[in-house]
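Read the structure below first, then the notes.
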Amino acid sequence: MDASSPEDVVVRAGLLRSVFRSRNDTLARLSTDRLALASTRAGMAAQERALTAARDEADRVAGRARTVAMQAETAVQRVAELVARRSAALRVAEANRAKDQNDYAAAQAASKALGERIREAARKAAAARAAAEAAERRQAAADAARKSAGQRPARPQRPSRSEPRDGQMLWPAPGPLTSRYGWRTHPIYGDRRFHAGIDIGGGYGAQVSAADTGIVTYAGAAGGYGTLVVISHRTVNGKDLSTAYAHMSQLNVSEGQSVGRGDKVGEIGNEGNSTGPHLHFEVRLDGEPVDPLDYVSPP
């Protein structure tokens with residue numbers, strides 16, 4: 001083996017130190033690069049996750065937006081359908097307006113005729129009462145003459161008409177109150193109309209009962225009232241109190257017949273100007289309509 005000079009040894013040692021330093025520097029750089037690469041990969045993974053979450057959220061929001069848009073479109077279609085139906089209904093209503101107003105005018109005329117009929121019946125009843133009272137006076141005078149002559153007086157015949165004990169009359173049908181007495185605004189045409197009585201619901205054919213004891217002054221057809229019964233009951237403050245029962249499907253009484261409180265006078269129907277089975281019930285004083293709820297109470 002060749003001997004080396006001290007200078008060679010020094011040179012070789014320097015070379016070795018340079019090699020070791022270079023290797024160490026390279027290893028350090030590699031370690032640093034590996035750490036940087038790992039950090040970069042972690043950052044990219046986090047960014048990928050964030051991007052995925054953002055895409056998912058965007059898809060969710062887009063799906064919700066599509067759902068809301070579809071719901072809005074459906075709502076718009078429904079509103080359009082409702083508007084179309086209402087417009088069609090208004091066109092039909094306007095087309096029927098003349099008939100409706102003619103029907104109302106006919107009903108008012110029938111109501112006026114009913115009032116006159118009741119007043120005429122009251123006049124006849126008053127005349128009959130006056131005749132009966134005159135007959136009683138004549139009978140009393142004859143009885144007095146018989147008594148003075150020693151004869152037994154004849155017993156007078158008096159009509160019997162009972163009064164309700166509590167002042168209230170009977171609810172005339174088994175159904176509930178469905179329409180009140182008085183003025184109201186027509187829901188379509190906007191004009192003011194008068195309802196001369198109350199309406200009582202009930203099934204077709206349900207019993208209609210006399211609200212109180214009285215005499216039937218009318219039983220038959222009466223225009224917009226359909227099949228009608230009128231009963232004269234008594235006088236209130238000098239005025240004839242009568243009740244009327246309209247739109248019936250059947251009559252169970254006749255004119256001039258005496259009826260008791262609760263007696264069947266007919267059955268609920270849909271005759272005349274009526275849109276469904278019900279009883280139209282009126283109370284009149286000397287032929288003028290008054291609020292029936294001042295005289296009867298719903299069950």
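The values are calculated or read from the model by the stated rules, or taken from the named source; none is laboratory data. What you see is a predicted model; the values in this text were computed from it and never measured. Please note: Cβ atoms are built from the backbone with ideal geometry, for glycine as well, and neighbour counts cover all protein chains shown.
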key: Flag for Gln77 being part of a helix (DSSP H, G or I), in contact with a Pro (Cβ under 7 Å, 6 or more places away or on another chain) and at pLDDT 75 or above   = no
Of the residues in segment 228-245, those that are crowded, with 21+ Cβ neighbours inside 10 Å and more than 16 Å from Asp294 (Cα to Cα) number 6
It is to be established whether one or more residues within segment 87-98 are closer than 30 Å to Gly287 by Cβ, modelled with pLDDT under 75 and part of a helix (DSSP H, G or I). yes
Of the residues in segment 273-299, those that are more than 18 Å from Met169 (Cβ to Cβ) and free of Cβ contacts under 8 Å to residues at least 60 places away in the same chain number 3
